[in-house]
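Encoded as structure tokens, the structure appears first; notes follow it.
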Amino acid sequence: MLSQESLPTAQTGDVEQTPAPTGADMDAAVLLLGAGMTAATHPLLYVKLLIQVGHEPLPPTVGTTMFGRRVLYLPGFFSYAQHIVKVDGKRGLFRGLSPRIASIAISTVIRTKAKKQGQPVSKKDDLMQTPLRKVMKETSHEMVIQCLSKIATHPFHVMSVRCMAQFVGREVKYSGIFSSIGRIFKEEGVAGFYVGLMPHMLGEVLFLWCCNLLAHFINTYAVDDSFSQASAVRSYTKFVMGFAVSILTYPFMLVADVMAVNNCGSSSSLAHLHILAALLELPQPQGSLISRIQLLFSPRACDLHQQHHHVLDCHCCNYLSDIQKV
């Protein structure tokens, strides 16, 4: 029987014997967290991709602005998601998720290995470097890791994009990771796994450098140390810059996604080629840029599907008739 004096000692011993989390446990936690966030946000990415490839199954709705002007609104995320659920069920919202999970796992392993093999910097060298040089060195190291990660995971990105784009034509050509690997390698070879890699990587590198440098300059020259909340402001600067820079680098991601879908044999890729060919055969308009843009939305554009073997969707005529009514 333990005495009262020995009880705290026993409890203290139990606390001291609690093992600290190892590196493998931390990596597993990061991987599980990344996989969970990827699964939770996948429907949002799915809807974004279908909009990028030009699939608009729902007609626009007539609404009014805050100034009372009647306008047409395209369907939002929830309307689009409800349409996907109606066609494919709730599981349809997670089409193409498995390649993204595999991509997250490979990216986590590469980043972990790269950080462990990074050369340690001595305190003397760290003190001799200027803040700007230190930021540039850290960004360069992070850029190398990012590029290696993108090269290793881009094939899974191509598989995921093509799986999601099949919703347009209801194909089942790309149904899983292994079947997609065999299909792409058989039809396109190794180069098919890296379609759209250059714009994707260029967008990531541009985002990384712009975000880090802008955050450094703002924290150094715009945030005054005399301000009481200076440390709190500096901690959120990089996060806010990420949103601003993502707007500039979005075209690179758009081009990469469209290139991944193009010429893959699905209806979404054929629609891009045929619509582009139809628009290129429009007569050259005279006048300003506004008049040229108006020609694309004129009633003449509705006849393109008759001239090019029913390439354009009939919703185009409905949209234009609604615009004329408004």
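The values are calculated or read from the model by the stated rules, or taken from the named source; none is laboratory data. Source: prediction; values computed, not measured. Backbone-built Cβ (ideal geometry, glycine too); neighbour counts: all protein chains shown. We work out accessible area using only protein heavy atoms, side chains counted, and drop any ligands, DNA or RNA first. Shrake-Rupley method; radii C 1.70, N 1.55, O 1.52, S 1.80 Å.
Residue under question is residue 224, and the condition is that it be within 18 Å of the chain's Cα centre (by Cα) and charged (D, E, K, R); does it hold?
Against the criterion (within 18 Å of the chain's Cα centre (by Cα) and charged (D, E, K, R)), residue 224 does not qualify.
Keeping to region 43-83, report how many residues are in contact with a helix residue (DSSP H, G or I) (Cβ under 6 Å, 6 or more places away or on another chain), modelled with pLDDT of 90 or more and closer than 18 Å to residue 250 by Cα.
Qualifying residue count for the region: 3.
Can you name the number of the only condition in (1) in contact with a Ser or Thr (Cβ under 7 Å, 6 or more places away or on another chain); (2) free of Cβ contacts under 8 Å to residues at least 24 places away in the same chain that residue 156 fails?
(2)
When you check residue 28 against the structure, is it in a helix (DSSP H, G or I) and at pLDDT below 90, yes or no? Before the answer, list the steps.
On the way: in a helix (DSSP H, G or I): yes; at pLDDT below 90: yes.
The answer is yes for residue 28.
Determine whether residue 196 is in contact (Cβ under 8 Å) with a residue 24 or more places away in the chain, open to solvent by less than 60 Å² (accessible area, probe 1.4 Å), on the phi < 0 side of the Ramachandran plot and not aliphatic (A, V, I, L, M).
no
Can you list residue pairs whose Cβ atoms sit under 8 Å apart, with the first residue in region 134-148 being touching a residue at least 40 places away in the same chain (Cβ under 8 Å) and within 22 Å of residue 106 (Cα to Cα) and the second being assigned to a helix (DSSP H, G or I) and β-branched (Val, Ile, Thr)? Count only pairs 6 or more apart in sequence or on different chains.
143/205; 146/205; 147/205
Pull up region 65-105, narrow it to residues that are small (Gly, Ala, Ser) and loosely packed, with under 12 Cβ neighbours inside 10 Å, then point me to the one that is farthest from residue 152 (Cα to Cα).
68
Would you check which residues across region 33-54 are open to solvent by 50 Å² or more (accessible area, probe 1.4 Å), in a helix (DSSP H, G or I) and not polar (S, T, N, Q) and list them?
Hits for region 33-54 are 33, 37, 40, 44, 45, 48, 51.
Report whether or not residue 162 is modelled with pLDDT of 90 or more, closer than 22 Å to residue 88 by Cα and in contact with a Ser or Thr (Cβ under 9 Å, 6 or more places away or on another chain).
Criteria met by residue 162.
Which residues, taken from region 164-183, are in contact with a helix residue (DSSP H, G or I) (Cβ under 7 Å, 6 or more places away or on another chain) and aliphatic (A, V, I, L, M)?
Those that are in contact with a helix residue (DSSP H, G or I) (Cβ under 7 Å, 6 or more places away or on another chain) and aliphatic (A, V, I, L, M): 164, 165, 168, 177.
On the given criteria, is residue 237 out of contact with any Gly (no Cβ under 6 Å at 6 or more places or on another chain), open to solvent by less than 50 Å² (accessible area, probe 1.4 Å) and of a type outside the set (Phe, Trp, Tyr)?
yes
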